[in-house]
Amino acid sequence: SVVTEEPAPDETGIYSALSSLPAPAPAFTANNLYSAGGMKEESIVKDPVCGSKRLLYTENNKLYIYEQIGGQVIRLETRDYNENTLLGIIGAGDKTAAISTGVSEPYSYTYTVTEEDGTETVMTGSVRRKETYLEITDASSPEKVAAENKLTLSGTLAAAYLLDGRLIIVTYEEMERDSVPEDKATFMPYLSRAGEKNFCSPDNVFMSSPTHRGFAAVFSVNLGNTEVFDIAASAGGTKQLISKNGNELFIG
């Protein structure tokens, strides 16, 4: 008899032998969400959304809003997102939200450099950060967007969930290539509303690694009152696997 030595299985082979589920997927994208074990999460970002005699759909980076009255259909608005990228629409009961991504306007910041002789020099710089944009409206009149319901979140959309009247948005942002760990203060996650920028509290940031340069941020926004929101973040690492189990959200 000739005995053939079988090659040692790799990690994927071992996992497949232990479980009937597919092997876990690597880091997610906005349209490719996976929970632990490789079970795919259904994205709440839709196209189109229809309700309350309103039809919303996206095409060629534009949002079209129609109203149906009897047998007549009227176009209420065509919203062009220009240099930003329109991802889709979120429908949540009596609220809808258009979600898009882009880059911030340049803004300046300062930092202090300490020389070997102890001399301190104040330096300045500028940066443009990746951002996610939300336009939250009433489902009965999505063509009317109040200024206070236009939200700007730092980072690019990674995942979105609905939970108990709240919209949970997860974003990810890489820091500049030439940045140093101390720059994490400059790149702290933020939410802008009605011209006011609210930064994540350092108490709500988990520093998983002092060497990696990135933020996974979680924004919890009250759909009924956008003045009520919370921000938490994990600093360090790359895009992290995110899954939801009931009321618990896991950032791996």
Exercise for review: Would you mind computing, in nm to one decimal, how far apart the modelled labels at Leu76 and Ala194 are, each placed 7 Å from Cα along Cα→Cβ?
Suggested key: 2.3 nm
Revision key, fill the gap. Per its Cα gyration tensor (rounded if a/c is under 1.5, else prolate when a/b beats b/c, else oblate), segment 45-196 is best filed as prolate
Practice item. Mind giving me the nanometre distance, one decimal, between the label points for Ala92 and Ser140, set 7 Å out from Cα along Cα→Cβ? Key: 2.0 nm
**Study point:** Residues of segment 158-173 with amide N under 19 Å of the 7 Å Cα→Cβ point at Val127
**Key:** 158, 171-173
Exercise for review: Evaluate E = 1/(1 + (r/R0)^6) for Thr85 and Tyr111, where r is the Cβ-Cβ distance and R0 equals 30 Å; express this FRET efficiency to the nearest 0.05.
Suggested key: 0.45
Point to revise | For segment 156-161, Karplus couplings with θ = phi - 60° (6.51, -1.76, 1.60), whole Hz, Gly/Pro x | key: 9, 3, 10, 7, 8, 9
Point to revise | Protection proxy ranking, peptides 214-226, 124-136, average beta carbon neighbours within 10 Å, highest first | key: 214-226, 124-136
Practice item. Return the carbon/sulfur percentage of the accessible area of segment 89-200, one whole number, probe 1.4 Å, all protein chains in place. Key: 46 percent
Check your understanding: Averaged per residue, what accessible surface does segment 93-170 expose to a 1.4 Å probe, in Å²?
Key -> 49 Å²
Review point. When the Karplus curve 6.51 cos²θ - 1.76 cosθ + 1.60 is applied with θ = phi - 60°, which whole-Hz ³J(HN,Hα) does each residue of segment 127-143 get, with x for Gly and Pro?
Key: 8, 10, 9, 5, 9, 10, 10, 10, 10, 9, 9, 6, 4, 6, 8, x, 6
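The values are calculated or read from the model by the stated rules, or taken from the named source; none is laboratory data. Since the model is a prediction, treat every value here as computed from it, not as a measurement. Please note: Cβ atoms are built from the backbone with ideal geometry, for glycine as well, and neighbour counts cover all protein chains shown. Just the protein is used for accessible areas: all its heavy atoms, side chains included, with ligands, DNA and RNA removed. Shrake-Rupley method; radii C 1.70, N 1.55, O 1.52, S 1.80 Å.
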